[in-house]
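See structure below.
The values are calculated or read from the model by the stated rules, or taken from the named source; none is laboratory data. Because the structure is a prediction, the values reported are computed rather than measured. Here the Cβ is made from the backbone with ideal geometry for all residues, glycine too, and neighbour counts use every protein chain on show.
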Amino acid sequence: MTTTTDLYPSGILGPDTVPAAPHEVAAWQALAEVIDPEIRKPITTLGMVSAVEFSAEDITVDIRLTIDGCPMQDTIHADVAAAVQPLVDGKVSVRLTTMTPEQRVALQQHLTASRPRNPFGEGTLTQIYAVASGKGGVGKSTITANLAVGLAERGLAVGLIDADIHGFSIPGLLGITAKPTKVEDLIMPPVAYGVKVMSIGMFLDSDQPVAWRGPMLHRALEQFVTDVYWGDLDVLLIDLPPGTGDIAISTSQLLPTAQLLVITTPEHTAAQVAARAGQLSTQTNQPVTGVIENMGPMRLPDGSIVEVFGSGGGQAVSQRLTQVLGKDVPLLGSIPLDPVLRADSEVGTPTVVTSADAPAGQALNTIVDQLAGTPRGLSGRKLPVTPK
Ligand SMILES: Nc1ncnc2c1ncn2[C@@H]1O[C@H](COP(=O)(O)OP(=O)(O)OP(=O)(O)O)[C@@H](O)[C@H]1O
């Protein structure tokens, strides 16, 4: 049974008028099903519902948005209206107001109260994958975006950090144009296809050239880890810049449990470079979960196979890494060169969902299945509990 404590917070985030009559409580219960699109919690428990009033056959719901001009206000408005409409025969009115600065501080405190400063430090239960490649243009960002969406499709809570300073292509790949919103010092990441996304590109004008140096990048990544409200994530993916470098080192410091996913093309030279990226693992002490070959052999309608970028690179990298690291580093799959994947990426629709039957979509989904089945490795991890 839902109790009032589940329905709304107390203090300055509490409602202006507390529900008393059964039909009022029923309305609050319906509103508790409305999830804030950014924070991903019921709007009621976030103090976003200030009042519910019935008059004759009509209902009016007062909503406190976290910030003025919240980019998600239309969605919230529509979701609130849809939630309470079945309860009345008359009109539904949704009035949007904004939280006071005090209420925003209270919300920030409420959200961060039980959270460690770095939620992805030692002991985190989030499975973290840093996606690396030996050189640029092998499709690393495209694959990272698709894996993230595929994992979210399977019901996991997924976050994605775009740390690829050479391109910041993740927002475009997922059709994100919204900027992150801020609740005091807390940054709310935009959500696309169920994935919470942060990219340094969201803080820059699209045509602004940037020369990011190591320390700036480290600071930016640190901020993404500590100042962004990720909530409880099952999986966090990081799109690393190609090659080795500062950001890979920062990742290993800030996200010490991260594992590497190595992307390569089937070319022999690319395979060599990618193997080097994998050797990064020894330097940073990050295990390699597996290798993904991209732009692999493609089957033409007449059944013939075209190997535009050769073949065998993925297998070669997997074998080489297994040898170098002394641990099995499997080839998780080969994604064929596929015009559908390129076209989907261009318009910001991830192939794993929009073209799941295309050859690239099928290959991506097979890889997602393997990653989704990976247990949140608790073994050997310290759990954040202290015995009494
Ligand atoms: N399997 C594929 N079939 C067809 N096109 C692909 C495939 N994979 C990626 N592409 C296309 O290749 C281009 C490069 O991809 P992407 O930007 O993801 O590479 P990247 O490795 O992240 O590059 P960088 O690190 O330099 O930003 C994009 O136009 C993308 O749509």
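Points worth noting:
- Subset of region 180-205 that is part of a loop (DSSP other than H, G, I, E, B) and modelled with pLDDT under 85 - its residue that is surrounded by the most Cβ atoms within 10 Å (Cβ to Cβ): Glu184
- Among the candidates Val49, Val88, the residue that is surrounded by 14 or more Cβ atoms within 10 Å (Cβ to Cβ), at pLDDT 95 or above and not acidic (Asp, Glu) is uniquely Val49.
- Any chance Ala83 is under 24 Å from Tyr229 (Cβ atoms), out of contact with any strand residue (DSSP E or B) (no Cβ under 6 Å at 6 or more places or on another chain), assigned by TED's automatic domain parsing to the domain that holds Val105 and not in a loop (DSSP other than H, G, I, E, B): yes
- Answer from Gly175, Gly159, Gly90 - the residue that is in contact with a strand residue (DSSP E or B) (Cβ under 8 Å, 6 or more places away or on another chain), closer than 22 Å to Arg219 by Cα and not in a helix (DSSP H, G or I): Gly159
- Listed by position, the helices (runs of 4 or more DSSP H) contained in region 319-375 that have at least 3 residues being surrounded by fewer than 22 Cβ atoms within 10 Å (Cβ to Cβ) are 339-347, 359-372.
Per-residue answers, yes or no, for (1) at pLDDT below 85; (2) within 28 Å of Ala152 (Cβ to Cβ); (3) within 12 Å of the ligand (Cβ to nearest atom); (4) of a type in the set (A, V, I, L, M, F, W, C):
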site	(1), (2), (3), (4)
Gly278	yes, yes, no, no
Thr284	yes, yes, no, no
Ile292	no, yes, yes, yes
Phe309	yes, no, yes, yes
Leu332	no, yes, no, yes
Pro339	no, yes, yes, no
Ala343	no, yes, yes, yes
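- Among residues of region 125-143, those that are more than 9 Å from the ligand (Cβ to nearest atom), part of a loop (DSSP other than H, G, I, E, B) and touching a Ser or Thr at 6+ places or on another chain (Cβ under 6 Å), counted: 0
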